[in-house]
1. Which numbered condition trips up residue B:59, out of (1) more than 30 Å from residue A:50 (Cβ to Cβ); (2) more than 14 Å from chain A (Cβ to nearest Cβ); (3) in contact with a helix residue (DSSP H, G or I) (Cβ under 7 Å, 6 or more places away or on another chain)?
2. Looking at C:372, C:353, which is the one that is in the same structural domain as residue C:266 (by TED's automatic domain parsing) and buried (at least 24 other Cβ atoms within 10 Å of the Cβ)?
3. Condition first: touching a residue at least 12 places away in the same chain (Cβ under 8 Å) and part of a helix (DSSP H, G or I). Can you find one or more residues in segment A:159-172 that meet it?
4. Could you please let me know if residue B:50 is within 14 Å of chain A (Cβ to nearest Cβ), surrounded by 18 or more Cβ atoms within 10 Å (Cβ to Cβ) and touching a strand residue (DSSP E or B) at 6+ places or on another chain (Cβ under 6 Å)?
5. Please enumerate the residues belonging to segment A:117-130 that are at the interface with chain C (Cβ under 8 Å from one of its Cβ atoms) and surrounded by fewer than 24 Cβ atoms within 10 Å (Cβ to Cβ).
6. What about residue C:72, is it closer than 24 Å to residue C:39 by Cβ, modelled with pLDDT of 95 or more and outside the structural domain of residue C:309 (by TED's automatic domain parsing)?
7. Look at residue A:80 and say whether it is in a helix (DSSP H, G or I) and either at pLDDT 95 or above or within 14 Å of another protein chain (Cβ to nearest Cβ) (or both).
């Protein structure tokens, strides 16, 4: 089988109160507060105008913002871009809110606007709507960041022309702790995609 | 009635996460859906929950919502006539 | 590209604990959806497809002495074990294992057993039961999870990651999901009626299913097998819960799956649709089928038999489609009376025999996701 090299074209992380794109700090949050407040501050600092942002749950906000940061100076990926995201906690942050709303039979008012976010792949939907991506979607859940799965699966999508580019990564939120790392995988750039390289970038 | 309309505007902004919108931006007669506030199908479902939770009104058919949620004015009049709490 | 086959499968559902029992019930047009009075799930009675607790417990006790597994884990492990029992040559420790589920052990959240509600804990339970070297890979992609998992299994085999993959899918009928669908005004007050004029929403169900996907055929005692010849997923890029008004993502996924299979719409002999029976979903599917030139192809939805089994549904329905393809028989779209979608799709009203070579399986879900699979019957 012919083996083509793909590149990690660009990457972005949101962790420890910082948004970092290609090793450059894009935003630092100086205040202590909730993740929700942090995401709002990032939204403002990136100068985005997208009222739907406020309706998203925090997991979606994180995935959305990481994609915005990643793509703000990049060539706009076409609509065959695949989204391959993963995390450990699925949508549990929002699951807990929905569960609370049905815990008491006397005060039983589940909210449709909450329930719709009780699936982790909604973040793929939000990013697809924003960027008009109509390609492959997959949401994986694993105990920790799985560079091998993301590398192998991205490669396979590109090898089989099922995708023109891949945005892959990790978007986790649990009890006010968050960890986000996204990368664009394509044929452009200088950093060759390997499992080791992706792992290294995630851990920096 | 004016109090109820103001209350509804505040609740809608809060419940539907319309962070960029102020009470003063919503006219009593503005359409809530379509070109108005740009609400969507999930918002409509959320308003059905709001009617039940805050005013004790349970719609028999969710399709009734379309007429009731036409504007703040129409919604307030409906609540005024049908509220049980 | 390497050929990939659906070799064998198993089902644990309200319609039976074996594939044969499920097929017989389908043939008899028996539904698993009944009126349920269980206040731990919902205050009022509702219609849904629940697995009988006693039957599950008995089946489990015959398999293992360990009682600490959750209901869903028992369902999934039973499905896997039945598949393995039928195929002693299959060594699970050498297989890739994919799990498809939307909510996993979500019932445990209510019990404040939060650790158990994490999906990787479910994967660990399966890993430990079979002493697997690696943790199974979990796919959680709303209502297309089961179909997407088959597509991913095929891709992994073709890319050389594995020669054999076991896909196991499962979801529960829980208070968590039922209450959410009620808040969406999307639950039918009677057993659901896919594609019908008077449809008002879904019925929920629960099930587990397992399937063995392979890059080679090991059973030498069979003359025909089913190959996965095309598959694709696509996003509507339109709305996170409302089905696309143009059927965009489903249309695109069908086109890509047909392209990969190198067949045209007219080569499809039967469609196993998603057909949840919500007004907007079924309408969207009719639009996508019409756009794809599939209006005249016989189509059904199995939701009238099982209800919507979420992360298991597309896997369960692909397994049934495979057996119907091999038998050249399809069953009526249970609950259907009068066509209630805009395009004149050919909903199957009575069980019938159809000579089939190609079958299309589709699914769509929240998040705007869609998947299409093209199955082909091949002689060996």
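1. Status for residue B:59: all satisfied but (2).
2. Working: C:353 fails: buried (at least 24 other Cβ atoms within 10 Å of the Cβ).
It is C:372.
3. To start, the set of residues in segment A:159-172 that are touching a residue at least 12 places away in the same chain (Cβ under 8 Å) comprises A:159, A:162-172.
Within this subset, residues satisfying the condition of being part of a helix (DSSP H, G or I) are A:159.
Yes, that holds for at least one residue.
4. Values: within 14 Å of chain A (Cβ to nearest Cβ): yes; surrounded by 18 or more Cβ atoms within 10 Å (Cβ to Cβ): yes; touching a strand residue (DSSP E or B) at 6+ places or on another chain (Cβ under 6 Å): no.
Against the criterion (within 14 Å of chain A (Cβ to nearest Cβ), surrounded by 18 or more Cβ atoms within 10 Å (Cβ to Cβ) and touching a strand residue (DSSP E or B) at 6+ places or on another chain (Cβ under 6 Å)), residue B:50 does not qualify.
5. A:129
6. On the way: closer than 24 Å to residue C:39 by Cβ: yes; modelled with pLDDT of 95 or more: yes; outside the structural domain of residue C:309 (by TED's automatic domain parsing): yes.
Criteria met by residue C:72.
7. Values: in a helix (DSSP H, G or I): no; either at pLDDT 95 or above or within 14 Å of another protein chain (Cβ to nearest Cβ) (or both): yes.
The answer is no for residue A:80.
Conditions tested, residue by residue: (1) surrounded by 24 or more Cβ atoms within 10 Å (Cβ to Cβ); (2) within 22 Å of the chain's Cα centre (by Cα); (3) in contact (Cβ under 8 Å) with a residue 60 or more places away in the chain; (4) not in a helix (DSSP H, G or I).
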{"site": "C:146", "(1), (2), (3), (4)": "yes, yes, yes, no"}
{"site": "C:149", "(1), (2), (3), (4)": "yes, yes, yes, no"}
{"site": "C:156", "(1), (2), (3), (4)": "no, yes, yes, no"}
{"site": "C:166", "(1), (2), (3), (4)": "yes, yes, yes, yes"}
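The values are calculated or read from the model by the stated rules, or taken from the named source; none is laboratory data. Given the structure is predicted, the values throughout are model-derived calculations rather than measurements. Here the Cβ is made from the backbone with ideal geometry for all residues, glycine too, and neighbour counts use every protein chain on show.
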